[in-house]
Amino acid sequence: MPLDMPNATATVSSAHALSPTPASASPTGATTPGGRVTSPACPGSLSPAISANSLLIGYADLTDFSDSRSLASHFRKAPSEVLKLFSDLVQAAHKYRTLTGRHLSIFGELGEVFAEIAFGIKRHGPNTPGSDGRRGNDFIEIKTISPEKTNDTIHVKRAGNFNQLVVVKITDDFQFGARMVSRSILKKGEGKNASLSWDSIIANETLDVQKFHRLFPFAKAQQLSRNLAA
């Protein structure tokens with residue numbers, strides 16, 4: 001179920017495109033005096049529409065982690081204590097990186113908490129086999145691409161008990177992106193693990209979806225506005 005995010009803007013850039021974008025939507029974005037980028041398509045989304053037969057179920061992007069109150073205005077159904085926890089963890093990781101030049105090894109947990117917030121996933125208890133959480137009747141596996149990784153590929157156990165997969169990407173400057181896809185996107189094979197790259201998630205999607213996907217990570221809000229208007 002898509003999150004209720006009316007009149008969203010993109011210092012926190014959020015997208016759940018589960019229904020068609022209105023044909024009358026404006027094709028260009030606008031930057032507000034505060035540097036935020038308004039939606040080029042509809043007030044509650046920065047994304048193009050996802051087709052009914054798409055393997056891409058939903059996606060969300062977040063660039064401003066500094067204020068849990070700001071997060072709450074965009075992820076209205078997420079528990080306030082989870083939003084506060086996420087904000088505190090990211091700020092701690094960012095401060096640790098600034099002071100030491102090293103990354104704090106909590107990216108897996110950050111990825112799962114972000115997926116929980118963005119997609120309304122209820123995570124299982126620790127060490128639960130088969131999947132990481134549940135949304136309605138769907139079992140969800142969550143994988144994180146951290147800035148420490150040398151490539152944008154994740155590996156998933158074929159034996160896992162899940163039917164949807166969330167891939168979270170965290171950049172070196174702590175931007176967060178997430179894509180939720182059907183398990184059927186994974187290639188069949190005999191090996192223990194299946195591999196999936198960040199860009200292969202949208203390889204068969206429309207050009208609009210691919211264009212939006214490749215805007216992440218965002219360089220600047222102003223650059224995002226120009227790219228969306230292009």
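Taken together, the values in this text are just the output of simple stated rules run on the coordinates, not laboratory data. Just so you know, these numbers come straight off a predicted model, no measurement behind them. Don't worry about glycine lacking a Cβ; one is built from the backbone with ideal geometry, like all the others, and counts go over all protein chains shown.
The simple spin-label model puts a point 7 Å past each Cα toward its Cβ; for residue 103 and residue 67 those points are separated by 2.8 nm. Hey, which of these cross-link pairs are over 28 Å Cα-Cα: 95/149; 95/192; 95/187? From the list (95/149; 95/192; 95/187), the Cα-Cα distance tops 28 Å for 95/192; 95/187.
Between region 121-136 and region 152-216, the C-alpha centres lie 18 angstrom from each other. The residue list 89, 197, 182 was ranked by how far each Cα lies along the charge dipole of region 56-229 toward its positive end, using unit charges on Cβ atoms, and 182 comes out on top. Derived scalar couplings between HN and Hα for region 80-85 equal 4, 5, 6, 4, 5, 4 Hz in order, rounded to whole Hz, by the Karplus curve 6.51 cos²θ - 1.76 cosθ + 1.60 (θ = phi - 60°), x for Gly and Pro. A simple rule links phi to the HN-Hα coupling: the Karplus curve 6.51 cos²θ - 1.76 cosθ + 1.60 with θ = phi - 60°, which for region 153-160 gives 10, 10, 10, 10, 5, 5, 7, x Hz, with x for Gly and Pro.
Compared with the direct C-alpha span, the chain from residue 91 to residue 150 gains 18.9 nm at full extension, assuming 0.36 nm per residue.
Once C-alpha pairs closer than 8 Å and six or more residues apart are averaged by separation and normalised to the residue number of region 56-229, the relative contact order reads 21 percent.
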